[in-house]
Amino acid sequence: MKMNHRQNLIAAALVSLVCAALALPTWAQDVLPRPPQPFKGKIGRTVKESTPDFPKAITAPQGAPNVLLILTDDVGFGAPSTFGGQIPTPTMDQLAQDGLRFNTFHTTALCSPTRAALITGRNHHSNATGVITEMATGYPGYNSLMSKSSGTIGEILKQNGWNTAWFGKNHNVPDWQSSQAGPFDLWPTGLGFEHFYGFIGGDTDQWHPALFDGTNPIETPNDGKYHMDADLADHAIAWIKQQHSLAPDKPFFVYYAPGLTHAPHHAPKEWIAKFKGQFDQGWDQFREQTLARQIKLGVVPAGTQLTPRPKEIPAWDTLSADQKRLYAHMMEVYAASLAFVDYNIGRVIQAVKDTGESDNTLIFYISGDNGASGEGTLQGLSNEVGVAANGVVETLPYLLSIMDDLGGPLTYNHYPVGWAHAMDTPFQWTKQVASHFGGTRNGLVVSWPKHLKQTNQVREQFSSVIDIVPTILEATGVKAPTMINGVKQTPIEGTSLVYTFDNAKAPTHHTTQYFEMIGNRGVFHDGWMANTTPLRLPWQGGTDSSPDDFKWELYHVSEDFSQAHDLAAQNPAKLKELQAVFDREAKKYQVYPLDASFVARADVSIRPSLTRGRDTFTYYPGTIRVPEGTAPDVKNKDFTITADVVIPDGGAEGVLVTQGGRFGGYALLVMNGVPEFDYAFSNQPQHKYRVASKEKLTPGKHTLTLDFKYDGPGMGKSGTGTLAVDGKQVAQGKIEHTIPIRFSLDETFDVGKDTGTPVVEDYVSKMPFEFTGELTKVVIQLGKSGLTASDIKQLNEANKMLSLVRD
């Protein structure tokens, strides 16, 4: 039975009275927020006859620990040195020496679902995030709207006396709620985090990030030195030290989630140089060397077998000399990114030490929200969205010619899939694949100097991302509330790991765990794992399939650490038993209906939208950071842009309206007093187009119009742009290639200035190139579409792959 607000308050008050009667500590309160405290003073006719009484502040339990929760992005189990990888992660290494390594810790295989499960302690389908936000469907387990009945650890700790902050990546706000129109209740500041500094989407340019402070978009320096990963650390350090200065007895909870190890892999040149030549041996030898180190470290059992490389990934020895040189360098860039992330995490941890709080700070360092990313194609790339979505061709000679730019601001780069598979050593598959440990097994280190009696040891008990919240609750002495902000809470579904801290031989408490992502599924139960065989390669598109098309495999993972020996044929009874367990868990946690579709879920029309049904859009200056899903869709159709401006006597210049940037985008702007329209099909020079007047605008009012006629039918066809001033044509030009699918993964639609990268390099030094005249308004009118029914199907398929790339 649902209770109204008055009934909730009465219930909360009764609980409070019971706690008082039983002499329970106030933090045992399980209804949040706590009811108003009764006035215990005295009220007379005058102040002299009265006694004041201030409500007591909510305080954490005495001696309660600080909590630092760290989550990196797209890091395979075998990447960091802490778990036998070749990439040095000294910060994580030191934490492991002072704490514990967990070598059977699991995520969900994709970003959004892992992150929702991590901060709620519930399975991803339970809190409606059974798939990434860009593939949400209208079923309870898949609508991407994190349930209010699954309150976050940030909300719980905040209402129990902790200061809370979130730095870095979010990717749990649905597309249609990620603009400045809100709503903001699913943004970090609406989920119990008093401070947020980071980005909302799945990835972002580290040199030019789509950054927010709370819910406000902010601009970063255009000085050639800025890097977001260092900036995140700077802000986290400042926040931690400020909290300690202002309230030294109040514990903090920091969720630190850098996004650098997700593409694009943007690292400072000096860090890239440190890894020169270190991956020349190639991915096959890398896997063998990694497994040997893992066994020596004890993070995998002796006798663990290396699973075979998929036949679709070429053997390193079959590559040409140029391919080897390029691919090895791409891995050097990624290694620099991971090492740089670990370095900045070290700076944050040092800040905790500087405050004298390190002994009583519980630190979780999770190495990856899923396995290494296999979306970089067999060749790697310099423009992720261009190659993955828009059909941009990057030849080997072209990539070789820009090798030195990889990792810098002129590229949106990713390594070849061979390295992803290698960094998931010793397991099969990669990110996206929830059925195998290559997609879900990630390294975890826990450090808590004041309380861990055994350190520099490995813990082998099966564990999951949903175990972190109950571990924090037990460690802090805070009870999981039954109600938060008037909403009844579902039970925490994870298992606290505290039982493992001082007992390496303790039997596993988390004995059953299901896995599911885009039809790939499995279930762990009492040391066995039953799972399906993937039907689609993570680095390729595909067609829709039925959940019943998947073949099942069976592994005795308590004896077969790497899932190397499929026992399905030898033990069909055990397979059938585990399939029944999966069915039970799927019904329990909202996994049904199973959906293995690749195309249908990419269709944006199945989700809410702020633009659907509209063909005319009016914008005013200051409208910035509008995500592509909420901006006018000018792709594959006719469109007209009209801008009303006033030019002062001294002239004016700047961006009037723009979408995307150097990797794909358009801009109507005034350069040195001359109006022009620029279009970028990709970052390659031959893909830049300009339609520009030859005369400067005179002082006074003007109406600038860009009329674009699309050449269709079909996607990504050419078109003609006609530029007019006050109704008079001043320029016309052909745009040979247009964006068919997506302008950008992270850049936005802006009016009056450009908040991301420039569409053309002519104004890079002037960014954000705010218009210096008066911009009255911009009107965009959408015209006739050039898409056929088959084009729309192809568009959906491409959007699906793009969603996975973005995650």
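The values are calculated or read from the model by the stated rules, or taken from the named source; none is laboratory data. Just so you know, these numbers come straight off a predicted model, no measurement behind them. No Cβ is skipped: glycine too gets one built from the backbone with ideal geometry, and neighbour counts run over all protein chains shown. In case anyone asks, the SASA skips ligands and DNA or RNA and just uses the protein heavy atoms, side chains included. Shrake-Rupley method; radii C 1.70, N 1.55, O 1.52, S 1.80 Å.
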For this session: State all residues of the range 555-576 that are charged (D, E, K, R), surrounded by fewer than 16 Cβ atoms within 10 Å (Cβ to Cβ) and outside any loop (DSSP other than H, G, I, E, B); if no residue qualifies, say none.
Result: LYS576
Problem set entry | Pair list, Cβ under 7 Å, 6 or more apart: the range 211-226 residue over 20 Å from TRP166 (Cα atoms), other residue in a loop (DSSP other than H, G, I, E, B) and open to solvent by less than 70 Å² (accessible area, probe 1.4 Å) | ASN222/MET767; TYR226/TRP207; TYR226/THR220
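Being open to solvent by 20 Å² or more (accessible area, probe 1.4 Å), touching a residue at least 40 places away in the same chain (Cβ under 8 Å) and at negative phi narrows it down to one of ALA165, ALA181, so name that one.
ALA181
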Exercise. Any chance the range 538-554 includes a residue that's surrounded by 15 or more Cβ atoms within 10 Å (Cβ to Cβ), among the small types (Gly, Ala, Ser) and at pLDDT 95 or above?
Worked result: no
Problem set entry | Pair list, Cβ under 6 Å, 6 or more apart: the range 261-279 residue more than 10 Å from GLN206 (Cα to Cα), other residue part of a loop (DSSP other than H, G, I, E, B) and not charged (D, E, K, R) | THR261/THR72; THR261/VAL75; ILE272/GLY407
For this session: With the condition kept exactly as written, say whether any residue in the range 214-233 is of a type in the set (Val, Ile, Thr) and open to solvent by less than 30 Å² (accessible area, probe 1.4 Å).
Result: no
Problem set entry | Search result, residues across the range 379-401 that are outside any helix (DSSP H, G or I) and either open to solvent by 40 Å² or more (accessible area, probe 1.4 Å) or of a type outside the set (A, V, I, L, M) (or both) | GLN379, GLY380, SER382, ASN383, ASN390, GLY391, VAL393, GLU394, THR395
Problem set entry | Lone unmet requirement of (1) in contact with a His (Cβ under 8 Å, 6 or more places away or on another chain); (2) farther than 19 Å from THR114 by Cα; (3) of a type outside the set (Gly, Ala, Ser) for PHE167 | (2)
For this session: Please go through the range 276-299 and pick out each residue that is over 22 Å from SER320 (Cβ atoms) and open to solvent by less than 40 Å² (accessible area, probe 1.4 Å).
Result: THR290, LEU291, GLN294, GLY298, VAL299
Exercise. If you go through the range 582-592 one residue at a time, do you hit one that is in a loop (DSSP other than H, G, I, E, B), out of contact with any Gly (no Cβ under 6 Å at 6 or more places or on another chain) and small (Gly, Ala, Ser)?
Worked result: no
Exercise. When the range 567-589 is examined, which residues are found to be polar (S, T, N, Q) and touching a residue at least 24 places away in the same chain (Cβ under 8 Å)?
Worked result: GLN579
Problem set entry | Test: residue in the range 105-114 that is under 28 Å from SER558 (Cβ atoms), open to solvent by 10 Å² or more (accessible area, probe 1.4 Å) and not in a loop (DSSP other than H, G, I, E, B) | no
Problem set entry | Number of the condition not met by ASP53 [criteria: (1) under 23 Å from the mean Cα position of the chain (by Cα); (2) over 30 Å from GLN278 (Cβ atoms)] | (1)
For this session: Determine the pairs where a residue that is farther than 19 Å from LEU723 by Cβ, located within the range 644-656, has a partner that is open to solvent by 40 Å² or more (accessible area, probe 1.4 Å) with Cβ atoms under 8 Å apart, the partner being 6 or more residues away or on another chain.
Result: PRO648/PRO699; PRO648/THR772; PRO648/GLU774; ASP649/PRO699
